[in-house]
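Right, one structure below, let's go through it.
None of the figures in this text is laboratory data; all of them are computed from the coordinates on show. Computed from a predicted structure; not experimentally measured. Cβ placement follows ideal geometry from the backbone for every residue including glycine, while neighbour counts extend to all protein chains displayed.
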Amino acid sequence: MARKEVLDRIEKYVDPFRITKGKRFRLKDFDPGDTCGLRMDKSEAADLLHLGTEWLAEEQDKLYAQDRWSLLLVFQAMDAAGKDGTIKHVMSGVNPQGCQVFSFKQPSHEELDHDFLWRYTIRLPERGRIGIFNRSYYEEVLVVRVHEDNLQRQKLPAPLVSKRIWDERLCDIARFEDYLTRQGTMILKFFLHVSRKEQKKRFLERLDNPDKHWKFSPSDVYERKFWSNYMHAFEEAIRATASKQAPWYVVPADNKWFSRLFVVAAIVEAMEKLDLAYPAIDAEKQKELQTARATLSREK
């Protein structure tokens, strides 16, 4: 099958979940268990994922060689939605030299002494590289919004902490992303949309498997009490920051095989549109290569 045909088929599955205009976005319109009618066993899904990661590796190699664009992949989700596994499987074939992964935990004292975007800004990908944010600056309008005691620790002057602070931060984020895209950074944002029922199932699986106990924290269960607050915060964030230049993808995450295929498909589709290519060799460089070949050929 020609790649053009593959891309056309990919778009059919990716497009319904791509949000470029947030005004009418409603999270309730998206089903975490949706697979677009696709049904396949694990081996078939694994084969397709392997093909997708190979294609992604080819695109990443050209991105690195061309050294013009950079790609920022943002992953946000509730706990147990599959962020770590998706990043691991989708990026499995990418050259580590051209990829950077950052997981953002609770901010340090140094980070709290700067503006809320500072610690993310210094981790942005260089030209030619793929940067992955496992959680991101969106935490500042998600967990900080749900638990406002985190906002107090940011030591903002009291007059600046108004009722409009979340709208202001979302506006700042949208403008920040506009700026980055104008500097050659492509931004793709993935919200792995898992259902509350599926999250409970995965938590219980972790508790039943000693090898996964390290991934479990009592706070995971505690945070479920704020589910509706988080869903409201996610909806507000997507509504305010979805754009053509920096789209959101609401990824159905109840089926891991589908969410992983979806993410690799969305990334490949976006990178193909950059029309990446290896740098052309000019006449002077060609002459240098010919000289090098002649020198090596004369060696005994």
Longest site-free stretch - the chain; sites: GluC sites (Glu not before Pro), DSSP loop, at most 14 other Cβ within 10 Å: 149-298
Ranked Met231, Met78, criterion: other C-beta atoms within 10 Å, fewest first: Met231, Met78
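To the nearest µm²/s, what D does Stokes-Einstein give for the chain at 37 °C and 0.692 mPa s, using the Kirkwood radius over alpha carbon pairs as Rh?
Working: Rh = 21.0 Å.
For these conditions, the coefficient is 156 µm²/s.
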Sequence-distant residues sharing a close amide H with Ile132 (under 5 Å, placed H): Leu73, Gln100, Val101, Phe102
Dipole magnitude (debye, nearest 20) for the chain, charges at Cβ of Lys, Arg, Asp, Glu: 340
DSSP-defined beta bridges in the chain - what % are antiparallel, rounded to 5: 10
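Report the charge-dipole magnitude of the range 1-130 in Debye, nearest 20, computed about the Cα centre from +1 at each Lys and Arg Cβ and -1 at each Asp and Glu Cβ. Don't skip to the answer; put the middle values down first.
Details: 21 positive and 22 negative charges, 92 e Å.
In total the dipole reaches around 440 debye.
In what sequence do Leu71, Leu117, Leu160 fall when counting other Cβ within 10 Å, fewest first? Can you show the working numbers first?
Numbers: Leu71 24, Leu117 14, Leu160 8.
Placing the least packed residue first, the sequence is Leu160, Leu117, Leu71.
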Set of lysines with alpha-carbon distance to Lys21 below 18 Å, sequence-local pairs under 8 removed: Lys189, Lys244
Estimated dipole of the range 206-300 in Debye, rounded to 20 [Cβ of Lys and Arg +1, of Asp and Glu -1, Cα centre]: 280
Residue-averaged 222 nm ellipticity for the chain, from DSSP H runs of 4+ at -39500 (n - 2.57), nearest 500: -15000 deg cm²/dmol
Calculated P(r) of the range 223-279 - Cα pairs past 14 Å, %: 70
15 Å reach of a label modelled at Thr181, 7 Å along Cα-to-Cβ, counting backbone N of the range 262-278: 270-271, 273-274
Charge-dipole axis of the chain as Lys and Arg at +1 and Asp and Glu at -1 on Cβ define it, positive-most pick from His232, Ala265, Asn255: His232
